[in-house]
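Chemist: I have a structure here, written as C-alpha cells, and I will follow up with some questions on it.
Values quoted throughout were computed directly from the atomic coordinates according to the rules given, and no laboratory measurement underlies them. All values derive from a computational prediction rather than experimental measurement. Methodologically, a virtual Cβ is constructed for each residue, glycine included, from the backbone with ideal geometry; neighbour enumeration extends over all protein chains shown.
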C-alpha cells in the first residue's frame with residue numbers, strides 16, 4: 001500500500017498541519033482554563049486525543065489517495081464454438097447430443113475454466129443455445145473472429161463442435177494465424193457414404209437478354225448409386241423446358257453438362273433443376289436446385305473501332321463482356337460498312353489516324369450524335385482530331401512522353417473505387433503526346449497527368465457532354481497495363497473494372513431524370529439484407545430532404561407490410577432486413593405539394609439450400625484444425641475422453657497479475673470510524689474526569 005496526494009509539497013504541508021493541530025491542542029489544554037480542571041497527566045491524554053483526530057481531519061485537506069496492490073487470479077478461458085448450421089440437424093440424435101454435452105460444460109468445467117460459447121453459421125453469434133437454423137457454415141470466420149476477440153487473453157483452449165462441412169469462406173485450416181491456443185475439435189455426424197444423387201453446383205448468369213439462349217451448367221455427384229441411369233429436368237417458371245436421361249456407369253460418378261435455355265419472357269424468371277429422386281435416398285433435398293434470372297430487353301451495343309488489333313481494346317472489351325447489359329463488336333475502320341444505328345456507343349481507338357483517316361465513317365459517327373470514347377495514341381492524327389470540333393484541342397506534334405495518372409478526388413459524374421489512391425500508385429504510366437492542351441468547360445477531369453513525379457494540369461482522362469453528345473477522352477495509350485498491374489499486385493481487377501464500367505454506364509445512360517426514383521437489387525438471397533434507396537427532387541431537380549417516402553411490400557401470399565424510409569444526407573434508405581425466399585412486389589410513394597409520385601417494382605429472394613446439398617461429415621477438416629494448433633480431434637463417441645483431457649491438462653493454467661487500486665482516503669469508512677471514535681473518546685474522558 002502506498003499513499004499519494006495532489007499537493008505539490010506534501011511533506012511541507014504535513015509539517016505545517018502538524019504544527020497547527022499541535023498548537024490547537026496546546027491552547028485548549030495547556031493555555032486555557034482547562035489546565036486547572038484536569039491533572040497534568042489527564043491534560044496530556046486529552047491533548048493527544050485532540051491532536052490525533054484534528055490531525056486526521058486536517059489531513060483530508062491534502063486530498064490523500066491510497067494505492068493498494070491486489071493480486072488477481074484469472075481462470076483460463078475455454079472458448080466453445082458450435083456449428084449452428086442446418087446440416088447439423090440432419091440427425092435428431094446429433095442435435096440431442098450437442099445440446100446435452102454443451103449444457104453440462106459450464107457446470108462441469110466452471111471450477112477450472114471461464115466457459116464462453118459462440119455459435120456460428122454465416123456469422124459468429126454470442127448465444128448459448130443452438131437451434132441449428134443457419135443456412136451456411138463459415139468455419140474460417142469463426143476462427144478469425146475468435147482470434148481477434150480473445151487476442152492477448154488467457155485462453156486455455158478452444159473447443160470446436162461441428163460436422164466439418166463448410167460451404168462459405170476459405171478452408172478453415174488455412175486461417176489459423178490468429179489462434180494462440182490449442183483447438184480441440186469434436187466431430188458430430190456420419191462419415192459413412194449413403195446412396196445419394198446430389199446437384200453439387202449450377203453455374204449460370206443472373207442476367208440474360210430477351211430472345212437469347214442462356215447456358216446453365218449443372219454438376220451432379222452420385223454416391224453408392226445402384227442404377228444405370230436417372231432423369232434430369234429443368235423448369236422455367238414451372239414449365240418443363242429441358243429433360244435428359246443421365247447414364248451412370250458406376251456407383252460413384254461425377255456428371256457435368258451445359259443446357260441452353262431460351263429466354264422468351266422479360267422480367268424475373270424462376271429456374272429449377274431437378275434430378276428424379278429414388279426411394280433409397282436418405283437425403284432428397286439436394287435433388288433440386290432453384291435460382292432466379294432476370295431477362296432484360298435493354299442491352300447496350302458498343303462499337304470498338306480501330307485501325308487494327310490493340311491490347312487497350314482487348315482490356316476494355318474483356319471488362320465489358322462480363323457485364324450483362326453490354327454487347328461489344330470490334331471492327332477495323334478500313335473495312336467498316338455496317339449501319340451505325342444498331343450501336344449505342346462508339347469507341348474510336350487512335351482514330352482518326354495519320355495513315356487511315358476514312359473521313360466518311362468518322363463524319364457519320366460525329367453527325368450521328370452517338371456517345372463516343374476517344375483513345376488518343378501514337379497513331380492518332382492530332383490535326384484531324386482537332387477538326388472534329390469536340391470542344392478540346394491539342395497542338396500537333398510527334399514527340400511522346402510517359403504520364404502517370406493522378407485521379408481527381410472531387411470528380412462527381414460517377415463514383416471512383418474506394419481504393420483509388422492505392423491503385424493509382426501502382427498503375428504504370430500511359431504513352432501521351434508532348435504538347436499543349438486546351439479543353440472547354442463542358443468537360444470534367446477524371447484524371448490528370450503526372451510527368452516525372454510532377455502533378456501537371458494536363459488532362460489524362462476527361463468526360464462531359466458536348467453539344468448534346470456525351471464524350472470521353474483518354475489522352476494516352478497503354479491502359480491495358482493498368483489491368484495487368486492491378487492483378488499482379490492486388491490479385492484483383494476490381495478497380496479497373498469499376499472505372500471502365502462506370503465510364504461506359506455514364507456515356508450510354510440516357511438522361512431521363514425523374515423527381516422520384518428508387519433503387520434496389522432485383523435478385524437477392526435469403527442470407528443477404530435487403531436495402532432500398534430513394535431520391536426525391538423538386539421541380540428544378542434540387543434534392544428534397546424532408547419528404548415522407550413510404551413503401552408497401554406484398555409477399556407471394558398477398559400479405560402487405562408498410563414501411564417509412566429514413567432520411568439522410570444522401571437521400572432516403574430503407575432496410576428491410578432478411579426476408580424469406582419468394583417473390584415480392586413493392587409500391588413506393590411520396591407527396592410533393594399537391595403531387596403524388598408512385599414507383600412500383602418486383603424482386604425475388606432466392607432460397608439458400610446449400611446446407612442440404614452435402615450431409616456427409618468432413619472430419620478431415622476438423623482433424624487438420626486440431627493438428628495445426630496443437631489440439632486433438634475426437635469423435636462423438638470419445639466426448640468423455642475430451643472432457644477428461646481438458647479438465648486434467650497440466651498445460652492449461654490460470655493467470656495472475658497485480659492490480660493497483662486507488663481510492664480517496666475520505667471514502668474509507670474505517671477512517672471515518674477512527675475519527676468518530678477519537679471524538680467520542682475525548683468527550684467521554686472529559687465527562688469522566690469532571691470536565692464540561
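Chemist: Neighbouring Cβ atoms within 10 Å as the yardstick, rank 370, 641, 242 fewest first. Don't skip to the end; give the middle numbers.
Modeler: On the way: 370 19, 641 12, 242 16.
Going from sparsest to densest Cβ surroundings: 641, 242, 370.
Chemist: Sort largest first and round to whole Å: the equivalent ellipsoid semi-axes of the range 118-217, each the square root of five times a Cα gyration tensor eigenvalue.
Modeler: Three semi-axes, in Å: 35, 18, 13.
Chemist: Oh, and also: Fewest first, what order do 289, 343, 578, 443 take by the number of other Cβ atoms within 10 Å?
Modeler: Listing 289, 343, 578, 443 from fewest to most nearby Cβ atoms yields 578, 443, 343, 289.
Chemist: What residues from the range 561-584 fall in the zone where the backbone N is under 19 Å from a label point 7 Å along the Cα-to-C-beta line of residue 133?
Modeler: 576-582
Chemist: Over the alpha carbons of the chain, what is the largest minus smallest coordinate on each principal axis, giving the biggest first in Å?
Modeler: 132, 77, 59
Chemist: log₁₀ I(q)/I(0) of the range 516-606 at q = 0.16, 0.21 Å⁻¹, via Debye over equal Cα point scatterers, no solvent, to two decimals?
Modeler: Debye intensities relative to I(0), on a log10 scale: -0.63, -1.00.
Chemist: Something else about it: Sticking with the crude label model, points 7 Å out along Cα→Cβ, report the distance from residue 108 to residue 598 in nm, one decimal please.
Modeler: 6.4
Chemist: Please provide three numbers in whole Å: the alpha-carbon extents of the range 573-692 along the principal axes, with the largest listed first.
Modeler: Sorted largest first, the three principal extents are 99, 72, 22 Å.
Chemist: Sort 128, 562 by Cβ crowding within 10 Å, fewest neighbours at the top.
Modeler: Ascending number of Cβ neighbours within 10 Å: 562, 128.
Chemist: For the range 477-542, what does the equivalent ellipsoid look like in terms of its semi-axes, each the square root of 5 times an eigenvalue of the Cα gyration tensor, given largest first in whole Å?
Modeler: Those come to 32, 21, 9 Å.
Chemist: With both bridge residues required to lie in the range 196-296, what share of the DSSP beta bridges run antiparallel, to the nearest 5%?
Modeler: Bridges in the range 196-296 are about 95 percent antiparallel.
Chemist: Relative to the longest principal axis of the C-alpha atoms of the chain, give the angle of the C-alpha long axis of helix 639-648, reported between 0 and 90° and rounded to the nearest 10°.
Modeler: The answer is roughly 40 degrees.
Chemist: Using every alpha carbon pair in the range 383-500, what percent of pairs falls into each 10 Å bin from 0 up to the bin containing the largest distance?
Modeler: Answer for the range 383-500: a P(r) of 13, 44, 33, 9, 0 percent.
Chemist: Output the antiparallel fraction of DSSP beta bridges having both residues in the chain, as a percent to the nearest 5. Provide the component values of the computation, followed by the final result.
Modeler: On the way: 116 of 164 bridges.
Around 70 percent of the beta bridges assigned by DSSP in the chain are antiparallel ones.
Chemist: Now a separate question. When DSSP assigns beta bridges and you keep just the ones with both residues in the range 300-508, what percent turn out antiparallel, to the nearest 5?
Modeler: Roughly 55 percent of the beta bridges in the range 300-508 run antiparallel, per DSSP.
Chemist: Would you give the gap between the C-alpha center of the range 460-530 and the C-alpha center of the range 617-637, rounded to a whole Å?
Modeler: What the calculation gives is 46 Å, centre to centre.
Chemist: What are the principal axis extents of the Cα atoms in the range 300-508, in Å, biggest first?
Modeler: Here the Cα extents, ordered largest to smallest, are 43, 40, 30 Å.
Chemist: Related question: How big is the Rg/Rh ratio for the range 576-625, C-alpha atoms only, Rh by Kirkwood, two decimals?
Modeler: Ratio of gyration radius to Kirkwood radius: 1.40.
Chemist: Helix 619-629 against the longest principal axis of the chain: what's the angle in degrees, Cα atoms only, rounded to the nearest 10?
Modeler: Once rounded, one gets 50 degrees.
Chemist: What does the convex hull of the Cα atoms of the range 497-649 come to per residue, in Å³, rounded to a whole number? Walk me through the numbers on the way to the answer.
Modeler: Values: hull volume 38.1 nm³, N = 153.
It is 249 Å³ per residue.
Chemist: Can you give the relative contact order of the chain as a percent, counting alpha carbon pairs under 8 Å and 6+ residues apart?
Modeler: Relative contact order comes out at 15 percent.
Chemist: Report Rg/Rh for the range 196-296, rounded to two decimals, where Rg is the Cα radius of gyration and Rh the Kirkwood radius.
Modeler: 1.00
Chemist: Quick one: if the Förster radius is 45 Å, what FRET efficiency do residue 125 and residue 685 give, using the C-beta to C-beta distance and rounding to 0.05? Can you show the working numbers first?
Modeler: Values: r = 68 Å, r/R0 = 1.52.
The pair residue 125/residue 685 has a calculated efficiency of 0.10.
Chemist: Taking 37 °C and 0.692 mPa s as the conditions, I'd like the Stokes-Einstein D for the range 310-362 in µm²/s, using the Kirkwood hydrodynamic radius from alpha carbon pairs.
Modeler: Approximately 263 µm²/s, per Stokes-Einstein.
Chemist: Could you tell me how many degrees, from 0 to 90 and to the nearest 10, lie between the Cα long axis of helix 311-320 and the main elongation axis, the longest principal axis, of the Cα atoms of the chain?
Modeler: Result, in degrees: 70.
Chemist: Right, another one. Please report, in whole Å³, the volume per residue of the convex hull around the C-alpha atoms of the range 187-229.
Modeler: That works out to 102 Å³ per residue.
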